[in-house]
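Comments concern the structure below.
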Amino acid sequence: MQILLVEDDQSLASGLCKALRNEGFVTNHVAEGKAALHVIDVEPPDIVVLDLGLPDMDGLDVLKNVRQHGSSIPVLILTARSSIDARVSGLDLGADDYLPKPFEIPELIARLRVIERRLSTSIDSSIQVANIVLDTISMQVTCDGEPVELPRREFMVLKLLMSNIGKVQTRQQLETRLYAWGEEVTSNALEVHVHHLRKKLGNDLIKTVRGVGYTIRKP
């Protein structure tokens, strides 16, 4: 799950990016509204976390622009404007959630998980394919009831494929959601992750679509 954080407070943004990445979210950051609109246009994230007090334009104008262009990307407003009128304005313009500052990181994570579950084909936190069960909250995977230890990026690959069962995920789609901007990506990194997953979960789970990407087929 890829998040675009739009926040001009560099110290807060740095802390949030670290916290979100620790929870398995691939997080990119911009400090201005126009930069956010450009990213949403050319490389849409899964969720936008949007501050309202931006230096170049009001965050509500960013939200309004996004919705006027027909985008349904979930937007969580994160702002010091905590009045009822401010919340109503944000929600009326199309925000999916509104969290006033100051806030606790666990609450932000919980709200993002709710949005994530809504975007997923799964109706709850557990996704099951055959004998594999993945829990998006505890970030645990079991195979035949036995826990399987997966590093963060292997877990993310598996989660992306299981959440989109029956659909082919291209190499670009997977890498975009595995790595934040500026992270060094080796040419065979994705293949290595898939190789390790097959060793741990069986060769029949993840199918290669040659020249395109990977998929998990419906049982």
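The values are calculated or read from the model by the stated rules, or taken from the named source; none is laboratory data. Remember, it's a predicted structure, so these values are computed and weren't measured experimentally. A quick note on method: Cβ atoms are made from the backbone with ideal geometry, for glycine too, and the neighbour counts reach across all protein chains shown.
With the requirement that a residue be at pLDDT below 85 and either loosely packed, with under 13 Cβ neighbours inside 10 Å or among the aliphatic types (A, V, I, L, M) (or both), what does the stretch 137-191 give you?
Ile137, Ser138, Met139, Ala180, Trp181, Gly182, Glu183, Glu184, Val185, Thr186, Ser187
Please verify whether the stretch 81-99 includes one or more residues that are touching a residue at least 60 places away in the same chain (Cβ under 8 Å), touching a strand residue (DSSP E or B) at 6+ places or on another chain (Cβ under 8 Å) and over 30 Å from Leu161 (Cα atoms). Please lay out each step first, then the result.
Here is the first cut: in the stretch 81-99, the ones touching a residue at least 60 places away in the same chain (Cβ under 8 Å) are none.
No, that holds for no residue.
Could you tell me how many of the residues in the stretch 192-204 are in contact with a helix residue (DSSP H, G or I) (Cβ under 7 Å, 6 or more places away or on another chain) and either touching a residue at least 40 places away in the same chain (Cβ under 8 Å) or exposed (fewer than 12 other Cβ atoms within 10 Å of the Cβ) (or both)?
Qualifying residue count for the region: 3.
Do we have Arg111 as farther than 16 Å from Leu16 by Cβ and assigned to a helix (DSSP H, G or I) here? Outline the logic, then answer.
Working: farther than 16 Å from Leu16 by Cβ: no; assigned to a helix (DSSP H, G or I): yes.
Considered against the rule, which asks whether it is farther than 16 Å from Leu16 by Cβ and assigned to a helix (DSSP H, G or I), Arg111 comes out as no.
Considering only the stretch 67-92, state which residues are in a loop (DSSP other than H, G, I, E, B) and buried (at least 18 other Cβ atoms within 10 Å of the Cβ).
Listed by number, the residues that qualify are Pro74, Arg81.
Quickly run through the stretch 15-36 and pick out the residues that are modelled with pLDDT under 95 and part of a loop (DSSP other than H, G, I, E, B).
Passing the criteria: Glu23, Gly24, Phe25.
Does the stretch 49-62 include one or more residues that are touching a residue at least 40 places away in the same chain (Cβ under 8 Å), surrounded by 15 or more Cβ atoms within 10 Å (Cβ to Cβ) and closer than 25 Å to Asn164 by Cβ?
Among the residues of the stretch 49-62, at least one is touching a residue at least 40 places away in the same chain (Cβ under 8 Å), surrounded by 15 or more Cβ atoms within 10 Å (Cβ to Cβ) and closer than 25 Å to Asn164 by Cβ, which makes the answer yes.
Would you mind finding the one in Leu161, Leu205 that is part of a loop (DSSP other than H, G, I, E, B) and aliphatic (A, V, I, L, M)?
Leu205
Assuming Leu197 fulfils every condition listed in (1) under 21 Å from Gln2 (Cβ atoms); (2) touching a strand residue (DSSP E or B) at 6+ places or on another chain (Cβ under 7 Å) apart from one, which condition is it?
Result: Leu197 passes all but (2).
Of the conditions (1) closer than 18 Å to Cys17 by Cβ; (2) in a loop (DSSP other than H, G, I, E, B), Thr176 clears all except one; give me its number.
Evaluating Thr176 over (1) closer than 18 Å to Cys17 by Cβ; (2) in a loop (DSSP other than H, G, I, E, B) leaves (2) as the failure.
Can you pull out every residue in the stretch 16-45 that is under 16 Å from Pro74 (Cβ atoms) and in contact with a Phe, Trp or Tyr (Cβ under 9 Å, 6 or more places away or on another chain)?
The answer is Val26, Asn28.
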